[in-house]
1. Hey, Thr28 hits all of (1) free of Cβ contacts under 8 Å to residues at least 40 places away in the same chain; (2) among the β-branched types (Val, Ile, Thr); (3) in a strand (DSSP E or B) but one; which does it fall short on?
2. Kindly indicate which of Pro194, Pro182 is in a loop (DSSP other than H, G, I, E, B), within 16 Å of ligand 2 (Cβ to nearest atom) and over 12 Å from the mean Cα position of the chain (by Cα).
3. Does Phe105 satisfy the condition of being assigned to a loop (DSSP other than H, G, I, E, B) and within 16 Å of ligand 2 (Cβ to nearest atom)?
4. Answer with yes or no whether Lys40 is more than 18 Å from the chain's Cα centre (by Cα), loosely packed, with under 14 Cβ neighbours inside 10 Å and touching a residue at least 24 places away in the same chain (Cβ under 8 Å).
5. Return yes when Glu233 is more than 24 Å from Ser277 (Cα to Cα) and of a type in the set (Asp, Glu) and no when it is not.
6. Assess whether Arg103 counts as being in contact with a strand residue (DSSP E or B) (Cβ under 8 Å, 6 or more places away or on another chain), buried (at least 17 other Cβ atoms within 10 Å of the Cβ), without any contact (Cβ under 8 Å) to a residue 60 or more places away in the chain and farther than 22 Å from Lys3 by Cβ.
7. Can you run down the residue pairs with Cβ atoms below 8 Å, 6 or more apart or on separate chains, where the first is in the range 262-286 and over 20 Å from Gln139 (Cβ atoms) and of a type outside the set (Gly, Ala, Ser) and the partner is at pLDDT below 95 and away from ligand 2 (no atom under 16 Å from the Cβ)?
8. Test Glu15 against the stated conditions and say whether it is more than 16 Å from ligand 2 (Cβ to nearest atom), within 21 Å of Asn285 (Cβ to Cβ) and either touching a strand residue (DSSP E or B) at 6+ places or on another chain (Cβ under 8 Å) or of a type in the set (Asp, Glu) (or both).
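The values are calculated or read from the model by the stated rules, or taken from the named source; none is laboratory data. All figures in this text were calculated on a predicted structure; none of them were measured in a lab. Positions of Cβ are generated from backbone atoms using ideal geometry, with glycine treated the same way; all protein chains shown enter the neighbour counts.
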Amino acid sequence: MTKHFLTLLDLSPDELRSLINRAVELKTLHKSGQIYEPLKNKVLGMVFEKSSTRTRVSFEAGMIQLGGQAIFLSPRDTQLGRGEPIEDSARVLSSMLDIIMIRTFEHSTLETFAKYSSVPVINALTDLYHPCQLLADLQTFQELRGDIQGKTVAWIGDGNNMCHSYINAARQLDFQLNIAAPENFEPLEEVLTPKNNNINVMHDPLQALNNADLIVTDVWASMGQEHEQKVRERAFANYQVTSVLMQKAKSDALFMHCLPAHRGEEVAAEVIDGPQSVIFQEAENRLHSQKALLEFLMGYMPAS
Ligand code: CP
Ligand code: NVA
């Protein structure tokens, strides 16, 4: 059966752990200057219906480093933007490519594409989930603090695609996740179901930060929600991650943000540019963790 990566729940906890370990290994290999090209002649298709810096460059550079190639496809200059059915596009593209990543709006578009694709499909962000970012976040935490199991993560802000992927990560790796979101901006019930004791939704950021080892936030208005910016600025006014808030967490707590960030909105400049912030290591790890993902989905992951 074709393996897809549409959410973190597509992997078993053991697969997720070994993928993170492999990402650390691939990073060391790359930094030592060794050439490692298991994906020679393989081609990744990259469908982007939304903007991207990190995801595009990390997948494209990752494929080249693994010996393959990547093709960037945007709806503006393909038939995807002119209404060609997803089912047909999936059949055609997967007959020519070895693996495909998609960044789109509706999660159901991705699911339909995967259903009709004969090759692995990767979720490169939908309105509902951003699992590739979690691979990088989990790798970063592991590098700096070791196993995340039993640790406490505070999510401050919108119950959005990133928050939803943190919920899945907490299910898989068994850490405590405290989500502080304003009323009406909580994560979706369908993502919180079935209920886990280690995942709590609240409205008070101070409560969420208690004993936290990792603090994470994201923009208040995600891509596609720009028209809600003003309403959201009002709703999220008390959810900015400031240095005062950071003091409620453990003194060695880390700060992460998937980027791009808005300093002075969801996070104060002194926090995101401060000593607890690991945002650039987190961003770099997109490259290494997705190389591990590409290897895994294409069946090249060496036995551990
Ligand atoms: N974090 C992230 O996915 O960044 P891009 O939107 O730049 O790809
Ligand atoms: N929540 C953000 C993440 C961007 C990487 C968005 O969907 O725009």
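1. It is condition (3) that Thr28 fails.
2. Step by step, each of Pro194, Pro182 is checked, and only Pro182 is in a loop (DSSP other than H, G, I, E, B), within 16 Å of ligand 2 (Cβ to nearest atom) and over 12 Å from the mean Cα position of the chain (by Cα).
3. In short, yes.
4. Answer is yes for this residue.
5. No: the conditions fail for Glu233.
6. no
7. none
8. For Glu15, the condition - more than 16 Å from ligand 2 (Cβ to nearest atom), within 21 Å of Asn285 (Cβ to Cβ) and either touching a strand residue (DSSP E or B) at 6+ places or on another chain (Cβ under 8 Å) or of a type in the set (Asp, Glu) (or both) - is met.
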